[in-house]
Amino acid sequence: MKTANCPSCGAPVTFRSSASLLAVCGYCKSTLIRHDLDLENLGRMADLMEDASPLQLGAEGRYKNGHFALIGRIQLRYQQGLWNEWHLLFDNQKSGWLSEVNGNYVVTFPSPAPENIPTFDAARIGDSLQLHGQAFQISNKETASCIAGEGELPFKVGAGYEAPVIDLANEQNSATLDYSETPPLLYVGEQVELADLKMTGLREREALAGKARAKSFNCPGCAAPLQIRASGTESVACGSCGSVVDAANENHQILSRFRFQNTHEPKLPLGARGHLRGADYDVVGYLRRQATVENIDYPWSEYLLFSEREGFRWLSEADGHWNFIKVTTRTPKVSRSLTKPTASFLGTTYRHFQTSTAKVTYVLGEFNWRVSVGEEALVSDYVAPPLMLSEEKTGQEITWSVTEYIEPEEISAAFKLEQPLLRPIGVAPNQPSPYHGKVWPYWKAFAAFAMGALLIQVVFMIGAQNKTVYQNSLEFERIGAASSLTTEVFPVSGSTGNLVVRNQTSLNNDWLYLDMELIERNSGRSYAFGRDISYYHGVDGGESWSEGNARDEVVLSEVPAGEYFLQIQAETPAGGGAQISDRLVVVRDVPQWSNFFLVLLGLITFPVMAWWRSHSFESRRWAESDYASTSDSDSDSSDD
Amino acid sequence: MFKTYIAAGLLAVSLFSYAQYQGWSVWSVSESKPQPGTSRSAYHK
C-alpha cells in the first residue's frame with residue numbers, strides 16, 4: 001500500500017493495489033496518474049450518475065474463499081443503459097472485476113487472450129468462439145463509453161472514453177473482450193448472486209431508499225406528469241401522448257413517439273408495491289407485445305418490476321397465465337437436433353417450444369432501456385415446466401431469461417389486488433401439469449393387482465379338476481325333424497364349479513341344432529341350453545373360405561355336485577345321406593381365462609384414464625407450439 | 001381418486017377370486033331351472 005498527497009488538494013491518496021495506475025481523489029475528484037512516487041493530475045473526474053447500486057468503495061466480500069475489497073469503479077453507458085465495473089483487490093493482491101448491470105453480477109479476471117480472436121468488426125452476435133478450451137457464444141456487441149470513475153483503477157479512463165466490447169457466455173461462464181487496446185483484453189469469469197459474495201460495508205438501506213425515491217417531471221410532449229421510481233431507468237413512456245422520454249437526460253428529450261388507438265389498463269397498476277419471491281418490488285413499467293403466426297396475433301403483457309436489492313425483474317401475463325422472469329448473463333447450451341432442439345441450463349433440459357418474432361405494441365411507464373414501440377426481437381422459448389428459458393435475439397445482442405410459472409393467486413396476494421385476476425385460459429407453455437407424478441402410481445397399482453389376479457388364476461388352474469365326467473359318440477339321422485335321446489347318469493363331484501359340454505361333430509357343409517338340458521337326477525335342478533352348430537366351406541374365385549365350426553363348447557356355471565344326465569333333442573337337415581356323428585364330452589371344473597382378462601380390462605381403466613388426462617393436458621400445451629401438427633404427447637416427466 | 005382405485009382394485013380381485021371359485025364365466029349360457037316337475041320325471045332309462 002502506498003500513500004501520496006493529491007497534488008490538487010493535498011488530501012492523502014492511497015494505492016492499495018500495486019496494479020493500480022489511476023486513482024480519483026476522494027476529496028476533490030482529481031484524476032491522478034501514478035508515476036512511481038509522483039502523481040500527475042489529469043483534471044477533475046466527471047460526476048458519477050446516481051444509481052441505487054448497493055455497492056460502494058470499501059465494501060468487502062468473499063469469492064471462492066478469497067477475500068476482496070472494492071477499490072475502484074468505472075461507470076459506463078451503452079446503447080441500452082448503464083452498468084458499473086467494480087475493481088476488486090483480493091488479499092493476495094490479485095485484481096478482478098465485478099460487473100453490475102440491472103441487478104445481475106458477474107465476477108471476471110484478466111486472462112491471456114488466445115490468438116484466434118476475431119476483430120471487433122468481424123464478430124457477429126451468435127458466433128461461437130473457443131476460449132481456453134470452452135465454447136462461448138457472442139451475446140452482445142457494443143461500443144460503451146465511460147461516464148466516470150472513482151477509486152483505484154488499473155488503467156487510464158475518463159468521461160467519454162470509448163470501449164468497444166464483446167460479451168460472451170456459455171452455460172457456466174461469462175467473458176468479455178475489450179477492444180480498446182491492442183491486442184484485445186480478455187476477462188473470463190462467471191455470474192454470481194450478490195448474496196453469495198457475503199458482502200459487508202454495503203450502502204445503507206436508507207441511502208438506497210433515498211436514491212429510489214420517485215422523481216417527477218412533466219412530459220415534454222403533453223405536460224402530463226411522469227414519475228421515475230427506479231434507479232437505472234433509461235426511458236419513460238407517457239400514457240397520454242405516446243412519447244418515450246429519455247430519463248437519463250435531465251432535459252428529458254423525447255426519444256420517440258408512438259400512436260395508439262386504445263390504451264391498455266395494466267392489471268397491476270404502475271406504482272403498486274408487492275412482496276414477491278422474498279423481495280419487495282415496485283411495478284414501474286408496462287408494455288404489450290405480440291407475435292403474429294399465420295396472420296393471427298398473439299398478444300401478451302409484460303410488467304417491469306424494480307427492487308432496491310434485486311434490481312429489475314419481469315412479470316408476463318398471457319390469457320391469465322403469469323410468469324416471473326429474471327434475465328441471466330449465462331448462455332444455456334443449445335442442442336439442435338433434427339426433431340426438436342433442446343437447451344440445457346444448470347442441470348435441467350428444456351425442450352424447444354416455439355420461435356416467433358415479438359414486437360412491442362404499447363408502452364407505459366419506466367424501462368431500463370430505451371424502449372420503442374415497434375422494436376422486434378426473435379424469441380425462442382424452451383420449456384421444462386414450470387420453468388422456461390427464453391432467448392431474445394436482436395441485431396446487437398442475445399439475451400436469455402429464466403422464467404417460472406406463477407399462479408395468479410400468488411400475484412393477487414403479493415400486490416394485494418382488490419379485484420381477482422382472470423382465471424387462466426388454456427394451457428401455458430410452462431404451466432405445471434396438475435397430473436405431474438400422478439400417472440405412474442396408477443400403473444404400479446395396476447401391476448400389483450394384475451400380479452395378484454395372475455396368482456389367483458394360477459392357483460385355480462393348478463387346483464382345477466379338469467376331469468371328464470361323461471363322453472359318448474352319438475349318431476343323428478338326417479330326417480329333417482327332431483329326434484331325442486337321454487344319456488346315462490354320470491356323477492359330478494367336488495365343490496360348486498363349472499361344467500363344460502363339448503360337441504365335436506362331423507359336419508361338412510351342414511348344420512345341426514341341439515336342444516340340451518342337463519338335469520340333476522335327485523333334485524331335478526336343470527340347465528337348459530341350445531347349440532346351433534354349423535360348418536360350411538368352399539372355394540370361391542380361387543380363394544378358400546369357411547364359416548362356422550364343427551366343434552362347439554359351452555360352459556355351465558355354478559354347477560353343484562350331483563348325479564346328472566343330459567336330455568338332447570337334435571334337429572337335423574332333411575335329405576338323407578350319411579349320419580351326423582357327434583362326440584359328446586362333459587368335463588368338470590375347467591379353468592377359464594375369461595374372468596382373468598375381464599378383471600384386467602376393468603383394472604386398466606383407471607391408469608388409462610389417468611394417462612389420458614395427462615396426455616390430454618400435454619396435447620393442449622403443445623397444440624400452441626411450433627410442433628402442433630405432430631403434437632408431442634409425452635409428459636415432461638417420467639410419469640408415462 | 002387414487003384411493004378409490006385401490007379400493008375398487010381390491011374389490012375387483014376379490015370378486016374375481018370368488019368368480020373363479022364358483023366357476024362363473026362370461027361365456028356361460030345356461031338358464032338354471034330349480035326343480036321343474038317335468039324334468040324330474042324325465043330320466044327313465
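The values are calculated or read from the model by the stated rules, or taken from the named source; none is laboratory data. All figures in this text were calculated on a predicted structure; none of them were measured in a lab. Note that we place each Cβ from the backbone using ideal geometry, even for glycine, and neighbour counts take in every protein chain shown. We work out accessible area using only protein heavy atoms, side chains counted, and drop any ligands, DNA or RNA first. Shrake-Rupley method; radii C 1.70, N 1.55, O 1.52, S 1.80 Å.
Here are a few things to note about the model shown:
- Whole-number percent relative contact order across chain A, with pairs defined as alpha carbons under 8 Å at least 6 apart: 10 percent
- Cα long-axis angle, helix A:594-622 against chain A (0 to 90 degrees, to the nearest 10): 20 degrees
- Ranking B:Met1, A:Met199 from most to least accessible surface, computed with a 1.4 Å probe over the protein chains only, gives B:Met1, A:Met199.
- Net charge dipole, the range A:476-534: roughly 140 debye, given to the nearest 20, about the Cα centre with Cβ charges of +1 for Lys and Arg and -1 for Asp and Glu.
- Of the trypsin sites (Lys or Arg not before Pro) in the range A:28-111, the ones in a loop by DSSP (not H, G, I, E or B) with at most 16 other beta carbons within 10 Å are A:Lys64, A:Lys94.
- Simple point charges give the picture: +1 on the Cβ of Lys and Arg, -1 on the Cβ of Asp and Glu, and for chain A a dipole about the Cα centre of about 1740 debye.
- Taking all pairs of distinct alpha-carbon atoms in the range A:491-628, Kirkwood radius in angstrom: 19.5 Å
- Using a 4.7 Å Cβ-Cβ cutoff, the cysteines of chain A lacking any partner cysteine are A:Cys146.
- Chain A: calculated mean residue ellipticity at 222 nm from DSSP helix runs of at least 4, using -39500 (n - 2.57): -3500 deg cm²/dmol
- A loss of 20 Å² or more of accessible area (1.4 Å probe, protein heavy atoms, ligands and nucleic acids excluded) relative to the isolated chain is seen in these residues of the range A:526-569: A:Ser526, A:Tyr527, A:Ala528, A:Val555, A:Ser557, A:Glu558, A:Phe565, A:Gln567.
- Accessible surface calculations at 1.4 Å, restricted to protein heavy atoms, place chain A at 47 Å² per residue.
- Carbon-plus-sulfur accessible fraction, the protein assembly as shown (probe radius 1.4 Å, protein heavy atoms only): 50%.
- When the surface is traced with a 1.4 Å probe over the full set of protein chains, A:Asp552 keeps roughly 30 Å² accessible.
- Which of A:His321, A:His264 is most accessible, then next, and so on - probe 1.4 Å: A:His264, A:His321
- Where A meets B: accessible area buried, both sides, 1.4 Å probe, Å²: 3600 Å²
- Equivalent ellipsoid semi-axes - Cα gyration tensor, chain A, angstrom: 86, 27, 23
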